[in-house]
Structure formats: structure tokens, C-alpha cells
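The values are calculated or read from the model by the stated rules, or taken from the named source; none is laboratory data. All values reported here derive from a predicted model rather than from experimental measurement. Ideal geometry is used to build each Cβ from the backbone, glycine not excepted, and the neighbour counts take in all protein chains shown. What goes into the accessible areas is simple: the full protein's heavy atoms, side chains included, and nothing from ligands, DNA or RNA. Shrake-Rupley method; radii C 1.70, N 1.55, O 1.52, S 1.80 Å.
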Amino acid sequence: MAAIANTANEQTDLLDAAVTWLNERLPASWSVGRTQRTFAGQTGPEAQTLDAAIDLRANSGTTATLAVEARSSFEPRDVERLLSGLARSLRSLAGYIPILVVAPWLSARTQRMLEAEEINFVDLTGNALIALENPTLYLRSAGAQRSPTPVARGQVRVRGPKAARLVRLLADVRPPYGIRELAAATGLAPGYVSQLVDALDREALLDRERRGGVRGVEIGALLRRWSESYDVFRTNATSSFLAPRGPAQALKALENVAMREDVLVTGSFAAVRRAAVAAPALLCAYCRDPSQIAQALELLPADAGTGANVALLGPFDEVVWQRGNQNAPISYAADSQVAVDCLTGNGRMPAEGEALLEWMVHNEDEWRVSGLSQLPAR
């Protein structure tokens, strides 16, 4: 009973916080308050009870009632549950009843999924989107990009070399596969793999079978999620240079470098091979010995952002070398690595990353391995 009471109190606090947040941002002639109105929904196992509702009254006298779903935690997978329960119940009624999700914090992916389903939301850090037709209202606000609550002990984050190895494998290889198969292919502990797969499942980045194996992966969303905790120029040891004859000529010169097998091109010059956005302006390459490659290409030291047109990267992990197109005379990183490198780069690189992701989603047969059995033995 105590747990139920605590949950009810927390939902009440969230609802009150949402009402206060809206009142502070709407014109003084508008009013926002809790309402006792109830809605008749479906019956049966999918029926849900509303946590509460909010009445929003414009200065014209028009009133909109928002059905509120208040949760202490709301993740991407909860969006799917909401759509199959409460949202479907309300949308089956006569007339349109807008829904408002309220939580302490909502991730960027959760926000995108709610927006795609035309569900309003507000979190206690200030992330919000309220879009109503009658009365007409459009209110958007940005809050914290990362959760202010520390990750509980025992949970894993989608960051660091170990997470990168699993994310890259999930993107590069078609399912299905089980936890132990993933662990064997990545060299990671089965317990860690299980925890990270659970975390990705909660974020609706993959689909699982009843027994826990992975049967589907949201490639674009997964790589964008990884990009939130990765930065191509900060995660890797980056050295900036100026190629006097331009980056394209420096790339061409790689064909004649004796150590070219220790160089893996990524970034714009790798992405343009798949999806062209504009002429590449920065040559990025992973190198086992950046100083020797710079000397062989006759590059001049430069400060990043002040004329540098070449970035040589000391890899953050050996995973960057895996499943790349390492055919002479020039080797390129795997498309999944190139996409994330571009997404987290500068200038036009994020747009190049998005273009590459779109190409990857529509051309899986050209870059994705058909199954774990097709990978070389570790």
C-alpha cells in the first residue's frame, strides 16, 4: 500500500509541475488547471485509467482538455505501449482528445517518437512540445539533453569502447542472434552484452524474440544513439594538418604511401562514395602512426578550424578497423563507423552522416553482413 501511495503522490507532483510550467509560459489571459473530467475508454485487458487531465482555457473562452500520462520514468519502449493502450482508446472516441506525457526527463529519441505520433510532452528539465488546434497553440522548449539522474548501479550506458563494439556489430550484421553469440563475436562478457541489449531494447532500438535473442535492429536510430556519447575528434586522438595541395590530393597520395594498410579513411571522403552532399573539404583517416603518415604525405601542422584540411585520428579502439573496405590502394572504414564519425563532425559532416544513414537504410544488401556465420573467426 505504501508503494501505491508513493506512486500516486509522485504522479500528483508531476501533474502539478506540468500545470505550473504551462502557466508560467502562456499569456496571463490564459488559464491552466487540473480537471476532474474522465473519459470512457475501451474495456478488456488493454483498457487503461488516466492518471489525470488538464484543462487549458484560452482568452477567447475556448477550452481544450489534455489527457495526462504521468510517469516517473518514460522511455522509447513506453511510447509503443502508450500507442497500444491509452492513445488507441482515446483516439477511438468521438472527437480528438490530445494526450500529454509528463515525466522527470525524456530522452531525445523519446521526444522524437512522441512528436511523430502527435503526442504532446513536457519534462521537468524543460523539454516540451505542446501543439493544439483548438485553441491554437504551439509551444516548444529545450531542456536537458542528458538525464539529470545518475545511472543506477548495475545498468550500462551506450558509451565507451565496449558499447561501440556491440553497437557496430548490431549495425553491421543482420540478425537473428542470441546474447552468447553476440558475446562470442565481440569478445565481451555475456553479462555485459545482456545488460546493454536490455538497455537498447528499452530505448526501442532493437526488437527481441521471446527468448531474448535479437531479431531486428533500428539501424539509423541505433547509430544516432551512439553518436550522443561519441565525438570523432574528441573520442579519438586527433592531429590536425594542412595539405598544401588540398585534401583530395592528399587522399590520392595515400595510394603511394608504403604504410597505407595502416590508414583507414573515414568522414566526408568515405561518405561521398555512398551519398554525395557536397565536395568534401576535410580528409579524416584513422592511422596507427599519425606522425609517420603526416610525414609521408608532407602535411603541415595546423590548428583545428584555422585552415586545417586533414585530420589524422589515433583510434579510440580496434573496432574502427573491423569490417571496413580494406582493399588497395585506399582503405575505407565500415559505413557504420563513417556514419557516426560524420554525425559528430563539424561543418557539413552531420548532413553527410544523415545522407549516408539514409542510403544505408535503403541499401542494406550493399554493406551489411548477412549473418554472424559470415564473419571471420576471432
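Some notes on this structure:
- Counted by Cβ distance under 13 Å from L251, the other residues give a net charge of +3, where Lys and Arg count +1 and Asp and Glu count -1.
- Cα-based convex hull, the stretch 212-274, per residue volume (Å³, whole number): 165 Å³
- Values of log10 I(q)/I(0), in the order q = 0.06, 0.08, 0.11, 0.15 Å⁻¹, for the chain under a Debye, Cα-only, solvent-free model: -0.31, -0.53, -0.87, -1.24
- Cut-off 11 Å (backbone N to label point 7 Å along Cα→Cβ of E318), residues of the stretch 344-378: 378
- Amide H contacts for L242 (H built 1.01 Å from N in the peptide plane; partners 5 or more residues away or on another chain; cut-off under 5 Å): L300, A302, N309.
- Calculated Rg and Dmax of the stretch 300-364 using C-alpha coordinates, Å: 13.5, 40
- As a length-normalised measure over Cα pairs under 8 Å and 6 or more apart, the relative contact order of the chain settles at 12 percent.
- When the Cα atoms of the stretch 144-230 are aligned to their principal axes, the ranges along those axes come out at 35, 27, 25 Å in descending order.
- Placed amide H near V217: partners under 5 Å, 5+ positions off or other chain: D207
- With contacts taken as Cα pairs under 8 Å and at least 6 residues apart, the stretch 302-374 reaches a relative contact order of 16 percent.
- Cα point-scatterer Debye curve for the stretch 105-254, base-10 log of I(q)/I(0) at q = 0.18 Å⁻¹: -1.08
- Where a label projected 7 Å from the Cα of N363 along Cα→Cβ would reach, residues of the stretch 250-283 with amide N under 11 Å: 271-276
- Kirkwood hydrodynamic radius of the stretch 208-346, Cα pairs, Å: 15.6 Å
- Surface composition of the chain: carbon and sulfur make up 47 percent of the accessible area, probe 1.4 Å.
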